[in-house]
Amino acid sequence: MVKNKKILTIGTMLALLSVEGYAASAKALNLAKPEIQRVSYYSNEWHITYQDVQTGTGYVSENVYIDNVYDRLVYVGNHETRGYKLKGGPYDPESCHEVKIDILDAEGNVVVTSDVFKFGDLSKCVASMGKPVINKVKYHNGKWQILYKDIAVSDNLGKEVLFVDGVINREVIAGTKAPQNRGFYLAPGNYAEDSCHTAYIVTYDNAHNILSTSDVFYFGNTNSCNNLVEESDVTDPVVTVRGVTPQIIKAGEAYVELGATANDNKDGDITNNIVIDTSSVDTTTEGNYTVTYTAIDAAGNDSSAVRKVEVVSPSYVDTAVINSIKYHGGKWHIHYSDIKVTPNLTTEELVVDGNIDRTVVAGINSYDGRGFPLHGEYAQGTCHDAYIIIRDSDGNEVLRTETFTFGCN
């Protein structure tokens, strides 16, 4: 029997590990921190992606903690990008959560910890942060200069965007982790001193989510701003996604941006103000993802729209295919392989010899072998051309099959 040997749990060892010992251990190892890149929600599960570190020998595990509660363990890797599912939870997508990764040695000692990364509804992560406060916009040395009080910045805030007269003027990196006074020159623009202008600052996180917006600040000839102030604008812009949703991509292919438009009741077309967030889309891994389009008007009102993106197997059939058109029972009958139909695809038109023969409701959310009789009378022994057009709910053509020729024999 081995006497006086202490058996410690991981929790006890973490409690006994001093701050000095932790720092000295990491410094001696010259070990970098794991870098958490994103935590994405798809297929009703959370998935974490991070850049691992080169640990060498003697380090056996990486522990993942969500909201300071142990979630799962994985064996240490090399310097590589890694990803896996979170096991704990459920973690409510509409709440704010924090994740960190500890690297442990063979004795269970923590040798390095990643920075905390926030995920979920990030607007709830910063409820106590407040918002930037613009103190002054003045004309100085032939340029406009803005002075403002920044907010206390959390770990994953990425940038602050200055809007002038409702248009992006410039971007700066989000401030340090304590409130501070900041100032910079505006990018050149047509900001006449004798006219009224508006300015506000929007703070984004690393995933391009809006976390805070300053109040609108009026500068220039503020006496001419009265009409702007009196006519308070509280209406959000309308963001409309272009193209199909969900957008289907075969694994390994590139994501192609289809875009969106934005219109505002006061400012009109503000499509150029849209910020597109594609950070959750991983085209190498099959699953369901989202792309978010966010627009802000001159009064600071913001609105978003979402496109669903589905990454599917490389063997996915992405267009309908006519398999046969045969004559029997006194009629021509078509048989074809339908596509996986999304909610906004509503009709399929069969076109024969350039004329619509019949229209049917689009297939049911799955690959579907379909067949029905043609309405028209098409002479046997004469060649006829047929194809199918699939349209969305607005009547736009989304897909068209290859032309199928029948009746020649």
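General remarks:
- Across K87/K131; K87/K149; K85/K149; K136/K266; K33/K85, pairs whose alpha-carbon gap is larger than 31 Å: K87/K131; K87/K149; K85/K149
- By the beta-carbon count within 10 Å of each Cβ, the least crowded to most crowded order of K143, K100, fewest first, is K143, K100.
- Neighbour-count ranking [beta-carbon atoms within 10 angstrom, fewest first] of F372, F119, F406: F372, F406, F119
- Modelled this way, with points 7 Å down the Cα-to-C-beta line, the labels at N44 and D165 are 5.2 nm from one another.
- Taking 15 Å as the straight-line reach from the Cα of K326, the aspartates and glutamates in range (excluding those fewer than 8 positions away in the same chain) are E377, D385.
- Cut-off under 5 Å, modelled amide H: who pairs with I248 long-range: E310
- Residues S304, S114 in ascending order of nearby Cβ atoms (within 10 Å, fewest first): S304, S114.
- Taking a sphere under 11 Å around the Cβ of L147 and counting the other residues whose Cβ falls inside, with K and R at +1 and D and E at -1, yields a net charge of +3.
Read-outs throughout are calculated quantities, based only on the coordinates presented, and are distinct from any laboratory measurement. A quick note: this is a predicted structure, and the numbers were derived from the prediction, not measured. Cβ coordinates were reconstructed from backbone atoms using ideal geometry, including for glycine residues, and neighbour counts include every protein chain displayed.
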